[in-house]
Amino acid sequence: MRMSKMFGKTLRNDPAEAELASHRLMMRAGMIYQASAGVYSYMPLALRSLRKIEQIIREEMDAAGGQEVQMSALQPLEFWVESGRSAAMGSELFRLHDRRDRPLVLAPTHEELLTYMVKANVHSYRDLPLIVYQIQTKFRDEPRPRGGLIRVREFDMKDAYSFDVDQDGLDVSYDAMAQAYRNIFSRCGLDTIEVEADSGAIGGKDSTEFILVADAGEDTVVICQTGHYAANAEKAVFAKPQQDAEPLLPVEEAHTPGIKTIEELCEYLEAPASKTLKAVFYMTGGELVFVVIRGDLEVNEVKLSNVLGGAPDLRLATHEEVAAHGLTAGSASPIGVEGIRIVADDSIDMGSNFLAGANRPDYHFRNTNHHRDFEADIVDDIALAQPGDACAKCGMKLIMRRGIEVGHIFKLGTRYSDVLQAQYPDENGEPHLILMGCYGIGVGRLLGAAIEQNHDERGMVLPSTIAPYDVSLVALNMQNDSVAESAQALYDELRAAGIEVLFDDRNESAGVKFNDADLIGLPVRLVVSTRNIREGVVEAKARASDDAETVAARDVIDKVRAMLAS
């Protein structure tokens, strides 16, 4: 491709709206065009990279036994109502009506539709196991699209689904997909880590995220210093400090004038936060939920939502909502509370004789104890892991890293086959529910994440496997006939050898051409100039290197191949 003919122009300055490096560089390189918030069109350079990523994905999915399909993006809303995900997805689900006023959705994923398809086509246990995948445009009405292709409202995704007769089969499919993902990310030149994750609105029991560590990432990942454990912060567990056993002391009331926070209480009564119980109030489905957690810990709202059976509308209660139930924020405890669901973190049983609110202003109770003084309706782990907490597996410290989720795999089990009644008859004709898994990769996000991990102050440094072209051929002083002829001959020779070339044949200065070559970040840069022609050489430089070298013109093809291979 000649740059003089390429659709898309490079920019000299950073676009004002770009927050992340990948967004900034893709806009400057003319790779994407923004139509509206979170909606982008792919220009030729980006599309070439995306097609290469898709090909890698297809090869690995096929190698793992997958069969490619293409499902409709437009689906009846009733599919989503029946599965329960219409409510779970909430406002993220794009909804519309056709001319006959039938409700439809633009699908963000395809568990429901494919379950119906499998239900119609699996007639025996002999039809299983089955892995089906597609690469298709998805739609999600993200409340805060950001970062170019990192979080968008319209995006290309590879979604795969496995169908098995039992848990052992699901485990085999899940492991096969996990290995396929490792292969995909390795071939794309990405360094990822695997972390335990929350399944969210997709549902199911177990899930694993593939995270690319990057400061620009939206996900917080909790990692053990030894590498024994890694999890998304939404899922992470940790070893909560146990307190020494004490005899239960009688409840005493303490005057605490003006004290409303744990910090103030600890200072006033000279007690550590781990000897207090904190009250936090939430609303979900119009119901007030009283949450109790040890004062040295914070509530993990994703864990809380999960123990409540999934509460997509979960939010902190207002002071007015708390007061309407006869409670006072800052002085509340579960002692004597009736008619309100009480959810407690299991840390309340990792100690005794806690300080807690007395349910009236300016007073607190000493020596509050679970079971003796109050009963929680639910006791579970709802605590948020923090840097420095102890790993639950080995006791070493946990550290936090920011990251970008580039892949997510789920063991759905019978989450969808149960509600949609997708069954198979066994060898005796007895019906059984099909066990499912689902496996997603955001293709555009993967490209954006690759740029986040592979760039410098000059531009992108794209891995050779996903770069739009192999070589940036820079001709200096195209007005010179010998330069034009030599560059054209080299361009033809490279293409004949199967090497993909972006030929900068523009009448621009050397500085502009070198800057654009660095910005676009192709793996290899070749330079043709009058001096190089006189000496019978071509200048070759790897984008990832600061050093250029001269190569005899007859050896250029071999040199480029070696540079790409390395």
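How about the stretch 1-21: which of its residues are over 30 Å from residue 478 (Cβ atoms) and open to solvent by 80 Å² or more (accessible area, probe 1.4 Å)?
16, 17, 19 - these are the residues of the stretch 1-21 that are over 30 Å from residue 478 (Cβ atoms) and open to solvent by 80 Å² or more (accessible area, probe 1.4 Å).
Going by the structure shown, is residue 291 over 22 Å from residue 254 (Cβ atoms) and either modelled with pLDDT of 95 or more or among the aromatic types (Phe, Trp, Tyr) (or both)?
Taking the combined requirement at face value, the residue satisfies it.
Being open to solvent by 60 Å² or more (accessible area, probe 1.4 Å), touching a residue at least 40 places away in the same chain (Cβ under 8 Å), part of a loop (DSSP other than H, G, I, E, B) and farther than 30 Å from residue 449 by Cβ narrows it down to one residue among 372, 366, 360; which is it?
Sole residue among the options that is open to solvent by 60 Å² or more (accessible area, probe 1.4 Å), touching a residue at least 40 places away in the same chain (Cβ under 8 Å), part of a loop (DSSP other than H, G, I, E, B) and farther than 30 Å from residue 449 by Cβ: 372.
Can you run down the residue pairs with Cβ atoms below 7 Å, 6 or more apart or on separate chains, where the first is in the stretch 79-91 and closer than 15 Å to residue 143 by Cα and the partner is among the charged types (D, E, K, R) and open to solvent by 40 Å² or more (accessible area, probe 1.4 Å)?
91/141
Check the stretch 384-395 and report whether any residue there is farther than 30 Å from residue 130 by Cβ, touching a Pro at 6+ places or on another chain (Cβ under 7 Å) and open to solvent by 30 Å² or more (accessible area, probe 1.4 Å).
Scanning the stretch 384-395 turns up no residue that is farther than 30 Å from residue 130 by Cβ, touching a Pro at 6+ places or on another chain (Cβ under 7 Å) and open to solvent by 30 Å² or more (accessible area, probe 1.4 Å).
Pairs please, first residue from the stretch 172-190 and closer than 18 Å to residue 452 by Cβ and in contact (Cβ under 8 Å) with a residue 60 or more places away in the chain, second anywhere and open to solvent by 20 Å² or more (accessible area, probe 1.4 Å) and among the acidic types (Asp, Glu), Cβ atoms under 6 Å, 6+ apart in sequence or on different chains.
Matching pairs, first to second residue: 184/60.
For residue 95, are the conditions met, namely being of a type in the set (Lys, Arg) and at pLDDT below 95?
no
Considering the stretch 123-148 alone, what residues qualify as being open to solvent by 10 Å² or more (accessible area, probe 1.4 Å) and either assigned to a loop (DSSP other than H, G, I, E, B) or of a type in the set (Ser, Thr, Tyr) (or both)?
Of everything in the stretch 123-148, those that are open to solvent by 10 Å² or more (accessible area, probe 1.4 Å) and either assigned to a loop (DSSP other than H, G, I, E, B) or of a type in the set (Ser, Thr, Tyr) (or both) turn out to be 123, 124, 125, 128, 129, 137, 140, 141, 142, 143, 144, 145.
Identify the residue in the stretch 261-313 that is among the small types (Gly, Ala, Ser), open to solvent by less than 40 Å² (accessible area, probe 1.4 Å) and under 29 Å from the mean Cα position of the chain (by Cα) and, among all such residues, is nearest to residue 90 (Cα to Cα).
Once the filter is applied, the top-ranked residue is 311.
Being more than 23 Å from the chain's Cα centre (by Cα) and aliphatic (A, V, I, L, M) is the filter; apply it to the stretch 115-134 and report the residue that is farthest from residue 81 (Cα to Cα).
Checking each candidate, the answer is 128.
Give the stretch 37-56 a look and list any residue that's over 20 Å from residue 463 (Cβ atoms) and either surrounded by 16 or more Cβ atoms within 10 Å (Cβ to Cβ) or touching a residue at least 24 places away in the same chain (Cβ under 8 Å) (or both), or say none.
37, 38, 39, 40
Determine whether the stretch 419-436 contains at least one residue that is over 30 Å from residue 121 (Cα atoms), touching a strand residue (DSSP E or B) at 6+ places or on another chain (Cβ under 6 Å) and buried (at least 24 other Cβ atoms within 10 Å of the Cβ).
For the stretch 419-436, residues over 30 Å from residue 121 (Cα atoms), touching a strand residue (DSSP E or B) at 6+ places or on another chain (Cβ under 6 Å) and buried (at least 24 other Cβ atoms within 10 Å of the Cβ): absent.
Of the conditions (1) without any contact (Cβ under 8 Å) to a residue 12 or more places away in the chain; (2) surrounded by 20 or more Cβ atoms within 10 Å (Cβ to Cβ), residue 351 fails just one. Which one is it?
(1)
Filter the stretch 483-499 for residues that are among the small types (Gly, Ala, Ser) and within 17 Å of residue 554 (Cα to Cα) and give the result. Don't jump to the end; show me each part of the working.
Narrowing the stretch 483-499 to residues among the small types (Gly, Ala, Ser): 484, 486-487, 489, 496-498.
Of everything in the stretch 483-499, those that are among the small types (Gly, Ala, Ser) and within 17 Å of residue 554 (Cα to Cα) turn out to be 486, 487, 489, 496, 497, 498.
Please return the ranges of helices (runs of 4 or more DSSP H) entirely within the stretch 1-115 where 2 or more residues are more than 30 Å from residue 311 (Cα to Cα).
The qualifying helices (runs of 4 or more DSSP H) are 21-28, 44-63.
Please return the ranges of strands (runs of 3 or more DSSP E) entirely within the stretch 459-566 where 2 or more residues are modelled with pLDDT under 95 and surrounded by fewer than 21 Cβ atoms within 10 Å (Cβ to Cβ). Lay out the reasoning, then the answer.
On the way: elements: 471-475, 501-504, 524-528, 537-542, 548-552.
In the stretch 459-566, the matching strands (runs of 3 or more DSSP E) lie at 548-552.
Yes/no per residue for (1) assigned to a loop (DSSP other than H, G, I, E, B); (2) over 30 Å from residue 29 (Cβ atoms):
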| site | (1), (2) |
| --- | --- |
| 379 | no, yes |
| 395 | yes, yes |
| 436 | no, yes |
| 450 | no, no |
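Are any residues in the stretch 158-200 at pLDDT below 95, touching a Lys or Arg at 6+ places or on another chain (Cβ under 6 Å) and outside any strand (DSSP E or B), and if so, which ones?
Within the stretch 158-200, 197, 198 qualify.
If you check residue 341 against the conditions, is it of a type in the set (Lys, Arg), open to solvent by 30 Å² or more (accessible area, probe 1.4 Å) and modelled with pLDDT of 95 or more?
The answer is yes for residue 341.
I want to confirm something. Restricting to the stretch 201-225 and keeping residues that are surrounded by 21 or more Cβ atoms within 10 Å (Cβ to Cβ) and in contact with a Phe, Trp or Tyr (Cβ under 6 Å, 6 or more places away or on another chain), which single residue is modelled with the lowest pLDDT?
The selected residue is 207.
The values are calculated or read from the model by the stated rules, or taken from the named source; none is laboratory data. No experiment lies behind these values; they were computed from the predicted model shown. Backbone-built Cβ (ideal geometry, glycine too); neighbour counts: all protein chains shown. Please note that ligands, DNA and RNA were not included when accessible areas were found on the heavy atoms of the full protein model with its side chains. Shrake-Rupley method; radii C 1.70, N 1.55, O 1.52, S 1.80 Å.
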